[in-house]
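A.B. asks: This is the structure, below, for whatever I ask next.
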Amino acid sequence: MKAKHQRLILALVAVVAIIGAAFLAMSALKDTAALFRTPSEVAKGAVPVDKPLRLAGMVVPGSIKRMPDGVTINFMLTDEGATAPVTFRGITPDLFKEGSGAVAEGKLGADGVFVADNILAKHDERYMPPQMESAMKSEQDKGGMNAGAARP
């Protein structure tokens, strides 16, 4: 076999190996990726059931209900358009409170209740997407949240 043919075969094998590695990486990431969604998307039925995702919004004042087991809580997340019920079993972050921003990681159940595996509390509106920032401002205007919060 000529050296030219050997280089061509080696180059083809390298290209196939790179394409194969890229395909494996993409398929692995697809299974673990959690998409960011809002309560309005849940209300419209645009959120897939039993798929990992992140639901972000403001915790509705007065909605946090602790169950008798001491570990399970139910609460509502809202954006400007809708609210979504969330249930979580575990220890909540210290900054998790009514009227604050939160991101729940988990899956939407067939009954429309989002079952969270993890809760992330937002401590500063600088970390919020634009739609959450406008929801927070709207809640502050209504007097439902801590209007004296620091702004960036």
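No lab work stands behind these numbers, since they all come straight from the coordinates. None of these values were measured; they are calculated from a predicted model. Here the Cβ positions follow ideal geometry from the backbone for every residue, glycine too, while neighbour counts run over all protein chains shown.
A.B. asks: Please list the non-local residues whose amide H lies under 5 Å from the amide H of residue 122, H modeled 1.01 Å from N, same-chain partners needing a gap of 5 or more.
C.D. replies: For residue 122, whose amide H was placed from the backbone, the distant partners under 5 Å are 101, 102, 103.
A.B. asks: Among the listed pairs 30/107; 30/122; 30/51, give every one whose C-alpha distance is greater than 21 Å. The partial results should precede the final answer.
C.D. replies: On the way: 30/107 15 Å; 30/122 26 Å; 30/51 11 Å.
Table pairs above 21 Å Cα-Cα are 30/122.
A.B. asks: How long is the gain from residue 28 to residue 5 if the chain were fully straight, where each residue apart is worth 0.36 nm and the alpha carbon distance is subtracted?
C.D. replies: That pair, residue 28 and residue 5, stretches by 4.8 nm at full extension.
A.B. asks: Explain nothing, just compute: Karplus ³J(HN,Hα) = 6.51 cos²θ - 1.76 cosθ + 1.60, θ = phi - 60°, for every residue of the range 57-66 in order, whole Hz, x for Gly and Pro.
C.D. replies: Ordered by residue, 3J(HN,Hα) equals x, 9, 6, 5, x, x, 9, 6, 10, 8 Hz.
A.B. asks: Further question: When 134, 100, 27 are ordered from fewest to most other Cβ atoms inside 10 Å of their Cβ, what list results?
C.D. replies: 27, 134, 100
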